[in-house]
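For reference, the structure discussed in these notes is given below.
The values are calculated or read from the model by the stated rules, or taken from the named source; none is laboratory data. These numbers were taken from a predicted model, which means no experiment stands behind them. When we count neighbours, we look across all protein chains shown, and the Cβ atoms used for this are built from the backbone with ideal geometry, even at glycine. Remember, those area values only see protein heavy atoms, side chains included, never the ligands or the DNA or RNA. Shrake-Rupley method; radii C 1.70, N 1.55, O 1.52, S 1.80 Å.
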Amino acid sequence: MREEILNIKNEALAQIMDAKDSRDLDSLRVTYLGRNGKINSLTKSIKNLPKDEKVSVGILINETKTTLLDLIAEQKNKIQQTVRKWFDTSIPAIKAKIGHLHLVTYAIEEISDVFTKIGFVKVRYPEVEWDWFAFGSLNMPKDHPARDEWETFFIDSKPHPSYGQMILTPHTSSGQVREMMRVKTPPIRMINIAKCYRRQSDVSHVPMFHQFEGLVIDKDISIVNLKGTLDYFAKNFFGRQRQTRLRPFHFQFTEPSFEVDITCGVCLGKGCKLCKAGWLELGGAGMIHPTVLKNGGVDPTKYTGFAFGWGVERVLMMKSGLKIPDLRLLYSSDLRFLTQF
Amino acid sequence: MNILIPDKWLREFLKTLASPAQISEYLSLCGPAVERINETSYGPVYYFEVTTNRVDSVSIYGVAREAAAILPRFGIKARLHSVKVGEFKFSQKVKYLKAIVDKKLCSRFTAALIKNVIIKPSPKQIQDKLTAVGVRAINNVVDISNYVMHELGQPVHTFDYDKIKGAKMILRESEKGEKITTLDGKTYLLPGEDIVIEDGQKRLIDLAGIMGGENSAVDSNTKNVLLFVQTYNPLNIRRTSMSLAKRSEAAVLFEKDLDPELVSVGIGRTIDLFVKLTGGVPEKEILDFTTLKRLQPQLIS
């Protein structure tokens, strides 16, 4: 059997080397490698061999197959090169594929643009954070039940002597006290856009996502300023006719706290199938809690401020009207999805 | 915190002509937010999201109280019907139980003995209501605890009175390494500083505020039931519940610091339901310790 294979192989090699044009090569390919070719008929006879030979013969046949295929391809190229006498250098080349930015990156750029126009400074704070900045300084001491709202990743590492455990920041609000410490004396107008991490993964949640956090601290800042800023963002990002409203809510680090709704883009607040009652939920906001100001070294008797923190993915979905069945698709690196944008 | 509130049950406490759609819209604008309304065989059921600082509204009565305050602001008449409970005598000393309570751990402690209880399935009406709030009906004793917890937001525990050795209880802080088997059959090695109850034979019979002990649980042969309604130090409850990863409904409520005043309504309502559903006979006096000081109103301007 082995001998037979080697004979066929040598015979084929010789014939391929002698072939004159690609038609010859094609017919050789059929003779040896075709469905009823010589190699295939060898493969069919494997089943008659004794067990211990089956494997080694199989390997040999496969090796022969690839050798022949490679050689045929090589010969074909050689023949084509000798045939080609004249080459038109003016034919446009095949363009190299260049990618484009991710749709979330576009959204981040667009959001930054809207806010930098009214004097917000774009910053970024650590993704790997200390407990103190993500929770403690935000009025959520250890053992506070409000922490349940943030499914946090903890890092198995030595805790900081005063800032506590190392975590992956679950929200951009961890930048609030950091920004106060950086600027020291208000006015502060910060927009912090960063990656956040939470222990959740389902059709509407990804474990890594983006938030953007606005923070304004100055003398005489009130809810009026907050509402004005939100309206400005809604009109410039979503469109002129859109309006926002505030509903009471609760966060430990703002008082009072709100949830912000925006009128539905389809019915403009009248109520339709898409939005139920005319409003869609955007995210959270509120007036900064005096304790948080104190923790950032800002005197709460002199200064007041507001903050808001929303998901980039969420506003992106709302703006584009994208109906992605599974949010995780955004970060799956699937080109069939990404090249659509 | 998310809770299910059946419209029919809500209206036992809320007199109003507001439609479910109006209740949903106006409450969402001012207080607890309605995520959606489910149509069930028990009528419409609201799915409410209540923020963690408002543990007082995590119940049917709590939402009714919010609604009675909110709806009139939108020009809709609404009145709150208070929870009606029988007359009871609260006393610091009772014959049926000797209790030593660490006041740091427990701001309000009440207990009541109900004798000759007959354990059987609850009436269909009670079962339907429990199903509507997402609770499986088991038997009248278990159902009453769940019923009161969902109606008032006050967890209630029941002991088999005859399993409490020496009719004695010591409510204290646990020591690290003490062992308890809870009524779901799981055994825990306690991390320390947990609130536990020990009986007259020094057995741990309750992981207070989180789950009862297996050795004192009500079973199908139980005759006499000791009702147990309290408020605990929220920090201890939170720590134990988190470190044992035991997030019972009771623990989630207790860790948010319940109102000690709710305890009297809670135990009263439970006793009334026991009389009605189990045929049990309550002892005249309710054991009651409290560190609560009622503040007198002060005129400030």
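Annotations for the structure displayed:
- Between B:Ser41 and A:Ser201, the modelled label-to-label distance comes to 3.9 nm, taking each label 7 Å out from Cα in the direction of the beta carbon.
- Separation between Cα centres of the range A:34-97 and the range A:139-203, rounded to whole Å: 59
- Take the range A:170-295 with all the other protein chains still there, run a 1.4 Å probe, and you get 42 Å² of accessible area per residue.
- Under 15 Å of direct C-alpha separation, and excluding same-chain neighbours fewer than eight residues apart, A:Lys44 reaches these aspartates and glutamates: A:Glu4, A:Glu53.
- Here the protein assembly as shown has 53 percent of its accessible surface on carbon and sulfur atoms, given a 1.4 Å probe and all protein chains in place.
- Taking a straight Cα-Cα cut-off under 20 Å and skipping sequence neighbours fewer than 8 places away in the same chain, the lysines within cross-link reach of A:Lys117 are A:Lys227, A:Lys235, A:Lys319.
- For the range B:226-273 and the range A:279-322, distance of Cα centres in Å: 33
- Partner chain coverage, peptide A:142-149 - average Cβ within 10 angstrom: 6
- Over the residues of chain A, the helix contribution to mean residue ellipticity at 222 nm works out to -11500 deg cm²/dmol, using -39500 (n - 2.57) for each DSSP H run of at least 4.
- Once the C-beta distance of B:Arg294 and A:Lys97 is scaled by a Förster radius of 60 Å, the resulting FRET efficiency is 0.20 to the nearest 0.05.
- Multiplying the residue separation of A:Asp156 and A:Ser320 by 0.36 nm and subtracting their alpha-carbon distance yields 55.1 nm.
- Loop GluC sites (Glu not before Pro), the range A:67-131, which have at most 16 other Cβ atoms in a 10 Å radius of their Cβ (DSSP): A:Glu127
- Alpha-carbon centroid distance for the pair the range B:1-62 / the range B:89-113, whole angstrom: 34
- Beyond 19 Å in Cα-Cα separation lie the following of the pairs B:Lys84/B:Lys115; B:Lys120/B:Lys284; A:Lys184/A:Lys302; A:Lys20/A:Lys65; B:Lys129/B:Lys276: B:Lys84/B:Lys115; B:Lys120/B:Lys284; A:Lys20/A:Lys65.
- Rolling a 1.4 Å probe over the protein heavy atoms leaves B:Phe74 with an accessible area of roughly 80 Å².
- Cα-Cα over 25 Å, subset of A:Lys47/A:Lys76; B:Lys165/B:Lys293; B:Lys95/B:Lys202: A:Lys47/A:Lys76; B:Lys165/B:Lys293
- When only Cα pairs below 8 angstrom with a gap of at least 6 residues are kept, chain B shows a relative contact order of 23 percent.
- Pairwise FRET efficiency - A:Arg336 versus A:Ile223, Cβ, R0 = 41 Å, nearest 0.05: 0.35
- Each Lys or Arg adds one and each Asp or Glu subtracts one; over the other residues with Cβ under 12 Å from the Cβ of B:Met242, this totals +2.
- For the range A:16-122: rounded, prolate or oblate by the Cα gyration tensor [a/c cutoff 1.5]: oblate
- The accessible-area ordering, largest first, of the residues B:Cys30, B:Cys106, A:Cys272 stands as B:Cys30, A:Cys272, B:Cys106, per a 1.4 angstrom probe.
- Rounded to the nearest 10 degrees, the inclination of helix B:234-243 to the longest alpha-carbon principal axis of chain B is 80 degrees.
- The range B:147-301 shape via C-alpha gyration tensor axes, a/c threshold 1.5: oblate
- A:Phe153 accessible area, 1.4 Å probe, all protein chains in place, Å² to nearest 10: 70
- As a length-normalised measure over Cα pairs under 8 Å and 6 or more apart, the relative contact order of the range B:107-225 settles at 26 percent.
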